[in-house]
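Chemist: First the structure, which I've put down as structure tokens, then a few questions once you've had a look.
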2 protein chains.
Amino acid sequence: MKNLPVLGLMLGDMTGIGPEISARLLAAGTMKADARIAVIGDARVLALGCEDAGVELAWRKYAKLSDIDWARDEVPVIDLGNIDPAAIKRGEISPESGRLTGDTLKHMIDLALAGELDGICFAPLNKAALHRGGWKYHDEHQMFAALTQHAGFFGEMNVIKEFATFRVTSHVALREAVNMISPERITSAVRLADATLRANGVARPRIAVAALNPHSGEGGLFGDEEIRIIRPTVKKLQAEGMNCTGPISSDVIFLKALKGEYDGVVMMYHDQGQIATKLLGFNKGVTVTAGLKTVFATPAHGTAFDIVGQGKADTGALEQALRIASRMAAARPH
Amino acid sequence: MKNLPVLGLMLGDMTGIGPEISARLLAAGTMKADARIAVIGDARVLALGCEDAGVELAWRKYAKLSDIDWARDEVPVIDLGNIDPAAIKRGEISPESGRLTGDTLKHMIDLALAGELDGICFAPLNKAALHRGGWKYHDEHQMFAALTQHAGFFGEMNVIKEFATFRVTSHVALREAVNMISPERITSAVRLADATLRANGVARPRIAVAALNPHSGEGGLFGDEEIRIIRPTVKKLQAEGMNCTGPISSDVIFLKALKGEYDGVVMMYHDQGQIATKLLGFNKGVTVTAGLKTVFATPAHGTAFDIVGQGKADTGALEQALRIASRMAAARPH
């Protein structure tokens, strides 16, 4: 147990299903063999989650992480006392809740940077609330990169049962994405995929690199990025020992990945991966911010405002996110 | 019966499963209520298909379509006598077979232009064979447009059980596709979708128009084509009475279409649609060349070289292609 990584669990945006799925999962206790999990947030929000989920959860407050007695059975809670659930309406976007959600995440990142947390797992955020609450980043990954003072390549990893996806470009205009395709970015994305999959326990990750153009450019007829950029980069990486292949047409690559041919798929642009993964039941998947000093993992699904407080939200993706965060945190020196 | 459209059935590239699925479907006779179907091609290839499929098919040769006695039970065959199956190896690409496949299609198009055929349905072609055989078009749709001397917008319609897709751009580089997005092309594609779906029996087609950029451009943050081009064009079309909506993010539009919210989805670029439809079991679907004088329909699947001659290829998509061709041909004046 002493060697298990210490994960901070953030209850998500309290307007959503985060508190109730967190409470239910903690009460089930299924993650105890994987990690030492401490809730970081407001104890009143956790109490609300227990009530919604209809579970009895034994927890114990601590002032700081180093005080926690991990031999005890109760779930340790670092009570920030910052979010009063009585003051915020649930089931809809709340800029105030978004602001406080960001505050909590910032607090957790500081703990991680101080070496007190090995990884951060968070129940669903609401991106619009976060943005309106004053955390002005394109997405939470850029927020985490900024708050961890990260320089260099990083990116979103989307994990489903069959495979994981990585992106060469992400939240930029498609026109700009096409211009950003370069040997450097592809190399960074493939290396990130390789390192992240290894940290997830895949010994020698099989990585497929997507084409940019229809039919992989049909031999140069419909675009030459495959010939000029993607293929030479894949060959160079292969020569360096990377277990990668490509370019592969984007309407074929997922059929092959589904058959189990690859562990990771490197996409050229956002929608290439998102169209596929959303159709493949991505809601059950996990999103990881890959490449930062700190491990970040979260369910791919959102705050599910339509079912908030009904205690029926599924905990599967959150459990999987905690499992991935545990594995990745354990793979790091700590 | 006299009012049923006259369809020409082409047996596909003879190196593939076309002859056997055609023979099996004709022997089943299930399409007799929908159309008057004549096989146009080489009778020896049809005989081969019957042998592969293990079916007894009563057919009768005619010199020309106007000679056919539609009251008779036998399947009418216009025997072109141009393809000797003994001279061509099956299960692999044959430029010679591709050349002859193109000849047969050209012959059928001439019959259609002369008013003798109301529509053309073809079993799977092999695009590479067609190209190597001297039919130098980017795809068969461009070939059909050229051979029917079509000027103006036309395009591929991909039909699955739940919905049909149309494209604003198709076989061009992604960089070029982005530059080609214009009010004119979007308008043409939506109008084509509307007209084609009406010809398929949908009274007031519900058409969704995809966004170009991730998250529909996130309010201009990741690209402004949605604001500058797509949204104003959709509004203008709505004002003209078109039942269309959009732009809708491409990772959401298919989830909604699957739920039955739209009859047609208009994509901005090739892979946007192909990633989704291939994952949705598109192999069972049908491809239509929409917008030409002549109706063209074919199964979405290919020549399936790996199972040629085994008589186990599924006839479902070909039957569906014949059904769609019948419906569209019946909707035209003839």
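Coordinate-derived values only; no laboratory data. Since this is a predicted model, take the numbers as computed values, not measurements. Positions of Cβ are generated from backbone atoms using ideal geometry, with glycine treated the same way; all protein chains shown enter the neighbour counts.
Chemist: Loop only by DSSP, 11 or fewer other Cβ within 10 Å of the Cβ. Give me the GluC sites (Glu not before Pro) in segment A:173-258 that pass, ordered by residue number.
Modeler: Here the GluC sites (Glu not before Pro) that fit, given the DSSP loop and packing criteria, are A:Glu240.
Chemist: As I understand it, the value is the acute angle between the Cα axis of helix A:43-53 and the longest principal axis of the Cα atoms of chain A; what does it come to in degrees, rounded to 10?
Modeler: The helix A:43-53 is inclined about 80 degrees to chain A.
Chemist: Oh, and also: Taking a label point 7 Å out from Cα toward Cβ, give me the nm distances from A:Lys293 to the same spot in the other copies, shortest first, one decimal.
Modeler: Shortest to longest, the spacings are 7.2 nm.
Chemist: Write down, largest first, the equivalent ellipsoid semi-axes of segment B:1-147 in whole Å, where each equals the square root of 5 times an eigenvalue of the alpha-carbon gyration tensor.
Modeler: Ellipsoid semi-axes (Å, largest first): 24, 19, 12.
Chemist: Can you list, shortest first in nanometers, how far B:Gly134 lies from the same residue in the other copies, with each label 7 Å from Cα toward Cβ?
Modeler: 7.6
Chemist: What's the FRET efficiency of A:Val202 with A:Gln149 using the Cβ-Cβ distance as r and R₀ = 22 Å, to the nearest 0.05?
Modeler: 0.15
Chemist: With only alpha-carbon atoms counted, please give the Rg and Dmax of segment A:155-275, in Å.
Modeler: In Å, with Rg to one decimal and Dmax whole: 13.0, 40.
Chemist: Can you say what percent of the DSSP beta bridges in the protein assembly as shown, counting only those with both residues inside, are antiparallel? Round to 5.
Modeler: Of all bridge pairs located within the protein assembly as shown, approximately 30 percent are antiparallel.
Chemist: If you keep only loop residues by DSSP, which GluC sites (Glu not before Pro) in segment B:18-57 have at most 16 other Cβ atoms within 10 Å of their Cβ?
Modeler: Answer in residue order: B:Glu56.
Chemist: If you don't mind, there's one more thing I want to ask. Once phi is turned into θ = phi - 60°, what whole-Hz ³J(HN,Hα) does the Karplus curve with 6.51, -1.76 and 1.60 give for every residue of segment B:107-124, x standing for Gly and Pro?
Modeler: 4, 5, 4, 4, 5, 5, 5, 7, x, 8, 10, 8, x, 10, 10, 10, 5, x
Chemist: Name the shape class, rounded, prolate or oblate, that the alpha-carbon gyration tensor gives for segment B:222-334, where a ≥ b ≥ c are the square roots of its eigenvalues, rounded holds for a/c under 1.5, and otherwise prolate holds if a/b is larger than b/c and oblate otherwise.
Modeler: Judged from the Cα gyration tensor, segment B:222-334 comes out oblate (a/c at least 1.5, b/c at or above a/b).
Chemist: For chain A, compute the orientation-averaged projected area of the C-alpha convex hull (one quarter of its surface), in nm².
Modeler: Spelled out: convex hull of the Cα atoms, projected over all directions, averaged, 16.4 nm².
Chemist: Based on alpha-carbon atoms only, what is the radius of gyration of segment A:92-163 relative to the globular estimate 2.2 N^0.38 Å?
Modeler: 1.17
Chemist: Sticking with the crude label model, points 7 Å out along Cα→Cβ, report the distance from A:Ser182 to B:Glu96 in nm, one decimal please.
Modeler: 5.2
Chemist: How big is the gap, in Å, between the Cα center of segment B:279-320 and the Cα center of segment A:170-245?
Modeler: So the separation of the two Cα centres works out to 32 Å.
Chemist: With the contact rule set at Cα under 8 Å and sequence spacing of 6 or more, what percent relative contact order holds for chain B?
Modeler: Rounded, it is 23 percent for chain B.
Chemist: Using mean Cβ contacts within 10 Å as the protection proxy, how do A:325-331, B:165-171 order, highest first?
Modeler: Listed from highest to lowest mean packing, they are B:165-171, A:325-331.
Chemist: Write down the Å³ per residue value for the convex hull defined by the alpha carbon atoms of the protein assembly as shown.
Modeler: In the protein assembly as shown, the Cα hull volume divided by residue count equals 166 Å³.
Chemist: While we're looking at this one, here's another question. Tell me which chymotrypsin sites (Phe, Trp or Tyr not before Pro) from segment A:105-153 have a DSSP coil assignment and no more than 16 other beta carbons within 10 Å of their own.
Modeler: Counting only loop positions with at most 16 other Cβ atoms within 10 Å, the chymotrypsin sites (Phe, Trp or Tyr not before Pro) in segment A:105-153 are A:Phe153.
Chemist: Right, another one. Over 25 Å between Cα atoms: which of A:Lys284/A:Lys312; A:Lys136/B:Lys236; A:Lys106/A:Lys136; B:Lys32/B:Lys61; A:Lys278/B:Lys284 fall into that group?
Modeler: A:Lys136/B:Lys236
Chemist: Still on this structure: Take every residue in peptide A:175-183, count the Cβ atoms of other chains within 10 Å of its Cβ, and give the average of those counts.
Modeler: The shielding value for this peptide is 3.
Chemist: Which value results when the Cα radius of gyration for segment B:248-303 is divided by 2.2 N^0.38 Å?
Modeler: Normalised Rg, Cα atoms only: 1.23.
Chemist: In nm to one decimal, list the spacings between the B:Ile88 label point and its equivalents in the other copies, with label points set 7 Å along Cα to Cβ, shortest first.
Modeler: 6.8
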